[in-house]
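I have placed the structure first, in the form of structure tokens, so that the comments after it can refer back to it.
Computed from the coordinates by the stated procedures, all read-outs in this text should not be read as laboratory data. This is a predicted model, so every value here is computed, not measured. Cβ placement follows ideal geometry from the backbone for every residue including glycine, while neighbour counts extend to all protein chains displayed.
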Amino acid sequence: MLDHPHHNDNRDYDYSRFPDQERTEYAAIIDLVAPNSRVADLGCGNGALLSRLVEQKQVTGTGMDISESGVTLCRQRGLTAVLGSIDRPLPFRDDEFDVAICNVTIQMVMYPEVLLREMKRIAQYQIVSFPNFAFWRNRIDLLCNGRMPRRMLFDYAWYSTGHIHQLSLTDFHELVEHVGGLRIVENRWDRSSNPVKNILMQSFPNLFQMLGIYKLEKK
């Protein structure tokens, strides 16, 4: 068996190796959260998003992650964080939070339907973001090369990635229907300064949006 270096494998979830950085989806997610909300950040990683929510929206936040290094870094930031799997029954009370967030992680858990169901149980609103596997470049890559698109795997190989449940925007809508008791209240699409490109991006998001960002509400 070949021994691959850690930087070619993202299944160990060692957040101590990654510098804190501003990710493109943070601003959109923060904008979807009301000030002073009670927030659960599921799959919080090193706490970068949660710390921004505390600073910018004065939320009361609790993070949860499977990574010991992630939880340790959260606590070093002064955040409340617990260690555990987010796609199992969560150690939180019903409606303990106003908002449950899962940022670019739902495709990395074994039971995404359990995760979404638990998000519904613990919070009135749910914010979920994920890479859209049906993005047009991935479709062309798969069609022309006949292999899993490296772009959507963030340049990892299919066997060395934690992205185990690739999904499209359409797939997510079907998951919301399957879980039940939720409705989509808002989404955030990227925009383009090119008017023709922008029309395509807004009219056909499942083809032209790289990232889905959804806000759901418990019915």
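Provide the per-residue ³J(HN,Hα) series for the stretch 205-211, in order, calculated from phi with Karplus coefficients 6.51, -1.76, 1.60 and θ = phi - 60°, each as a whole number of Hz, with x at glycine and proline positions.
Rounded to whole hertz, the list is x, 5, 9, 10, 10, 6, 10.
In a shell of Cβ-Cβ distance under 14 Å around GLN58, excluding GLN58 itself, what net charge do Lys and Arg (+1) and Asp and Glu (-1) give? Spell out each step's value before the answer.
Details: positive: ARG38, ARG52, LYS57; negative: GLU55, ASP98.
Residues close to GLN58 contribute a combined charge of +1.
If you keep only loop residues by DSSP, which trypsin sites (Lys or Arg not before Pro) in the stretch 66-148 have at most 14 other Cβ atoms within 10 Å of their Cβ?
Working: sites: ARG75, ARG77, ARG93, ARG117, LYS120, ARG121, ARG137, ARG139, ARG147; in loops: ARG77, ARG93, ARG147.
Passing both the DSSP loop test and the Cβ count: ARG93, ARG147.
So what's the projected area for the stretch 76-172, the Cα convex hull averaged over all directions, in nm²? Numbers along the way, then the final one.
Details: hull surface 30.8 nm².
Average of the hull's projected areas for the stretch 76-172 equals 7.7 nm².
Counting only chymotrypsin sites (Phe, Trp or Tyr not before Pro) that sit in a DSSP loop (anything but H, G, I, E, B) with at most 13 other Cβ atoms within 10 Å, what is the longest stretch of the chain containing none of them? Walk me through the numbers on the way to the answer.
Numbers: sites that count: PHE154, TRP158, TYR159.
Excluding the exposed sites themselves, the longest stretch runs over 1-153.
Counting other Cβ atoms within 10 Å of each Cβ, which GluC sites (Glu not before Pro) in the stretch 76-167 have at most 14 and sit in a DSSP loop?
Numbers: sites: GLU96, GLU113, GLU118; in loops: GLU96.
Answer in residue order: no site qualifies.
Which residue, TYR156, THR170, PRO112, has the largest displacement toward the positive end of the dipole of the chain when charges sit on each Cβ (Lys, Arg +1; Asp, Glu -1)?
Going by the Cα projections, it comes out as THR170.
Around LEU115, what is the net charge, scoring Lys/Arg as +1 and Asp/Glu as -1 over all other residues with Cβ under 12 Å from its Cβ?
The answer is +1.
Treating only the Cβ of Lys, Arg, Asp and Glu as charged (+1, +1, -1, -1), what charge dipole size does the stretch 22-218 show about its Cα centre? Round to the nearest 20 debye.
Around 360 debye, computed over the stretch 22-218.
For the chain, give me the percentage of DSSP beta bridges that are antiparallel, rounded to the nearest 5 percent. Write down the numbers at each step before the final one.
Working: 12 of 31 bridges.
Counting DSSP beta bridges with both partners in the chain, the antiparallel share is about 40 percent.
Name the residues whose placed amide hydrogens come within less than 5 Å of the amide hydrogen of THR105, ignoring near sequence neighbours (fewer than 5 apart) on the same chain.
The answer is SER129.
Please enumerate, by chain and number, the lysines with C-alpha under 28 Å from the C-alpha of LYS218, excluding those fewer than 8 residues away in the same chain.
Within the straight-line limit of under 28 Å, LYS218 reaches these lysines: LYS57, LYS120.
Let me check I've understood the local charge: for GLY181, count other residues with C-beta under 14 angstrom from its C-beta, Lys and Arg +1, Asp and Glu -1. What total comes out? Intermediate results must be reported in sequence, preceding the final value.
Numbers: positive: ARG117, LYS120, ARG121, ARG183, LYS218, LYS219; negative: ASP94, ASP95, GLU113, GLU118, GLU177, GLU217.
Combined, the nearby Lys, Arg, Asp and Glu give 0.
Order of VAL104, VAL114 from fewest to most other C-beta atoms within 10 Å?
On the way: VAL104 21, VAL114 17.
Going from sparsest to densest Cβ surroundings: VAL114, VAL104.
Taking each pair of distinct Cα atoms in the chain once, what is the resulting Kirkwood hydrodynamic radius in Å? Can you show the working numbers first?
Working: mean 1/r = 0.0554 Å⁻¹.
The Cα-based Kirkwood calculation yields 18.1 Å.
Could you pull out every residue, at least 5 positions away or on a different chain, whose amide H is within less than 5 Å of the one on LEU216? Hs are placed 1.01 Å off N in the peptide plane, and Pro or chain starts have none.
Here GLN126, ILE127, VAL128, VAL185 satisfy the definition.
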